[in-house]
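First up is the structure itself, then whatever we jot down about it.
The values are calculated or read from the model by the stated rules, or taken from the named source; none is laboratory data. Please read all numbers here as calculations on a predicted model, not as lab measurements. Cβ placement follows ideal geometry from the backbone for every residue including glycine, while neighbour counts extend to all protein chains displayed. Ligands, DNA and RNA are excluded from the accessible area calculation, which covers all protein heavy atoms including side chains. Shrake-Rupley method; radii C 1.70, N 1.55, O 1.52, S 1.80 Å.
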Amino acid sequence: NAIDGQLLVIFGASGDLTERKLIPSLMNLFQGGHLPESFAVLGVSRSDMDDEAFRKKVVLDNPHIPETVGNHGHRKEFAKLLHYYDLGSYEEDYAGLNERIAELDNGIGSPGNMIFYLSVPPRIYETIASRLHDQGLSSEESGTRRLIVEKPFGYDLESARSLNKGLQRYFQESQIYRIDHYLGKETVQNLLVTRFSNSIFEPLWNRNYIRHVEITNAESVGVGKRGGYYDSAGALRDMFQNHLLQIISLVVMEPPIGPEAEAIRNEKVKALKSLRIMRDPETLYAHTIRGQYLAGEIDGEAVPGYREEAGVDPDSTTETYAALKFYVDNWRWAEVPFYVRTAKRMPTKVTEVVIHFKSPHHQIFRDIGMDSKDNKLIIRIQPNEGILIKFGVKVPGQGFQVERANLDFYYSDLADQNIMTAYERLLLDAMQGDATLYARADEVEAAWEFVDPILKYWSEAGDVVTYGYSAGVWGPKNADDLIEGAYGWRNPGA
Ligand code: BG6
């Protein structure tokens, strides 16, 4: 379906995200013929570059565009769509920028539709929004105007609220697209389809049949070159407040009345608001665990500890591992524990949701399963995207012994369709004005409301330990005790 002409203005065009994600995604969309016919990109930042230098940096010499994507001719053709504007110092020349925008907009014959993508530190979001507004660029009188903002969206509840207020002074909420790249992942979206298009899952999706829910988000990488940013953020802000709470809201939510953005987002907000906020120190102490990686080995290679990474305070207590146990206070989930962990420097990269069903209430057969006794539904978000169901079958031979068997579906078994990456999908959605996969203001604030007291407790209570764990193991030992009884965490591949 054809998309109307668009001018995409990227602030922070000389930065890492533009080179690593945005331009490679646009190149893929170009290759696939998905970009609108009238289309141009205007990169804006404070580096001294001209159009040619920008094209060279982000397309022709960009190591993040795989060799397999397009030949040299295609790249050159794509590069021609890219332009650059040097905004100079901080008292920048927005009038000049406005002129350049008008010139490009006329040049491509677009009907005045523009997307402003802010890939800059959040502290300057509001300034940019206000300057765009002063130039008349937020007004939708002639064409659509959309503002995409990257994470982190705020540092805590208060700053997120003030950021929302600040942006809403200059743009309508319906023009603001808060990006969370996990929502662009096919398998995250598939959570909705799995739940609400099958009559075999939804009837069981509640406290009557589910014993507990477990979510793991593990990465084998460390903080890399982002030590400076990460040390003031930590795993809870970097991954949990956004990506994981988005996944959790899709697992927890009630069926939306339809597939429209507002219907889905309304249910997600309701889900987030039903998470039981941990406030008393005893619960916070018992149900939250933070850890930090020490030097260790990943895939046979020695890697440094977190405190030795560039940009990290050598005495830092910032968490690179966070595990939480919490409840959801509503009819569907009353008293079903949720266990969620996210971490860097784990043995492997994996994100999965595990639904642990209750055991049958009367056990007739003897179970010799290697696993725990329950049925499990495992939704693999990445890698090996797919769905695994574990169920009991009879061990061949005498008697009635039961062991676990697998029903395993891999996304890759579907037709060899080219699955769009998260940024491709999200950029296209924004061009089409579909905000379903973007976070709404109240959603972001509800997520911070849950996270805020944990962050406060961790930073203010004197007795919160940051447990060390060697790089390449599944986190600190203390986190194993969070899941009671014979269950424990499921460590994929372990
Ligand atoms: C980012 C975090 O949002 O997500 C990074 O800032 C993290 O720290 C990344 O590595 C993980 O994304 P993905 O898509 O590789 O799981």
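Before moving on, here are some points about what is shown:
- Residue selected from segment 306-350 under the condition of a type in the set (Val, Ile, Thr) and open to solvent by less than 40 Å² (accessible area, probe 1.4 Å), by the criterion nearest to residue 381 (Cα to Cα): 350
- For segment 457-468, the condition of being outside any helix (DSSP H, G or I), within 23 Å of the chain's Cα centre (by Cα) and either closer than 30 Å to residue 24 by Cβ or hydrophobic (A, V, I, L, M, F, W, C) (or both) holds for none of the residues.
- Restricting attention to segment 243-261, the residues that are open to solvent by 10 Å² or more (accessible area, probe 1.4 Å) and away from the ligand (no atom under 16 Å from the Cβ) add up to 8.
- From the list 97, 22, the lone residue that is at pLDDT below 95 and buried (at least 22 other Cβ atoms within 10 Å of the Cβ) is 97.
- Members of segment 262-283 found to be open to solvent by less than 20 Å² (accessible area, probe 1.4 Å) and either in contact with a Lys or Arg (Cβ under 9 Å, 6 or more places away or on another chain) or not in a helix (DSSP H, G or I) (or both), listed by number: 265, 268, 269, 274, 275, 278
- Flag if residue 155 is within 16 Å of the ligand (Cβ to nearest atom), over 27 Å from residue 23 (Cβ atoms) and either open to solvent by 20 Å² or more (accessible area, probe 1.4 Å) or hydroxyl-bearing (Ser, Thr, Tyr) (or both): yes
- Complete set of residues in segment 26-59 that are crowded, with 16+ Cβ neighbours inside 10 Å and small (Gly, Ala, Ser): 38, 40, 43, 45
- Test: residue in segment 65-73 that is of a type in the set (Ser, Thr, Tyr), on the phi < 0 side of the Ramachandran plot and outside any loop (DSSP other than H, G, I, E, B): no
- Test for residue 392: is it in a strand (DSSP E or B) and modelled with pLDDT under 90: yes
- Of the listed requirements (1) of a type in the set (Ser, Thr, Tyr); (2) free of Cβ contacts under 8 Å to residues at least 12 places away in the same chain; (3) within 16 Å of the ligand (Cβ to nearest atom), residue 162 misses just one: (3).
- For segment 215-226, taking the residues that are surrounded by 19 or more Cβ atoms within 10 Å (Cβ to Cβ) and within 11 Å of the ligand (Cβ to nearest atom), the one that is farthest from residue 314 (Cα to Cα) is identified as 217.
- Any hit, segment 286-295, residues being closer than 30 Å to residue 358 by Cβ and loosely packed, with under 15 Cβ neighbours inside 10 Å: yes
- Residue 193 being more than 13 Å from the ligand (Cβ to nearest atom) and out of contact with any helix residue (DSSP H, G or I) (no Cβ under 6 Å at 6 or more places or on another chain): yes
- In the set 448, 489, 474, only one residue is assigned to a helix (DSSP H, G or I) and of a type in the set (A, V, I, L, M, F, W, C); that residue is 448.
- Identity of the residue in segment 196-214, open to solvent by less than 10 Å² (accessible area, probe 1.4 Å) and either under 20 Å from residue 386 (Cβ atoms) or within 16 Å of the ligand (Cβ to nearest atom) (or both), that ends up farthest from the chain's Cα centre (by Cα): 205
- Highlighted here are the strands (runs of 3 or more DSSP E) found entirely within segment 316-370 that include at least 3 residues which are under 25 Å from residue 402 (Cβ atoms) and either in contact (Cβ under 8 Å) with a residue 40 or more places away in the chain or within 16 Å of the ligand (Cβ to nearest atom) (or both): 350-357.
- Residue check, residue 232 within 16 Å of the ligand (Cβ to nearest atom), surrounded by fewer than 22 Cβ atoms within 10 Å (Cβ to Cβ), in a helix (DSSP H, G or I) and small (Gly, Ala, Ser): yes
- Among the conditions (1) in a loop (DSSP other than H, G, I, E, B); (2) touching a residue at least 40 places away in the same chain (Cβ under 8 Å); (3) over 30 Å from residue 192 (Cβ atoms), residue 292 misses just one, which is (1).
- Residue within segment 111-134 that is within 16 Å of the ligand (Cβ to nearest atom), of a type in the set (A, V, I, L, M) and touching a Leu at 6+ places or on another chain (Cβ under 9 Å) present: yes
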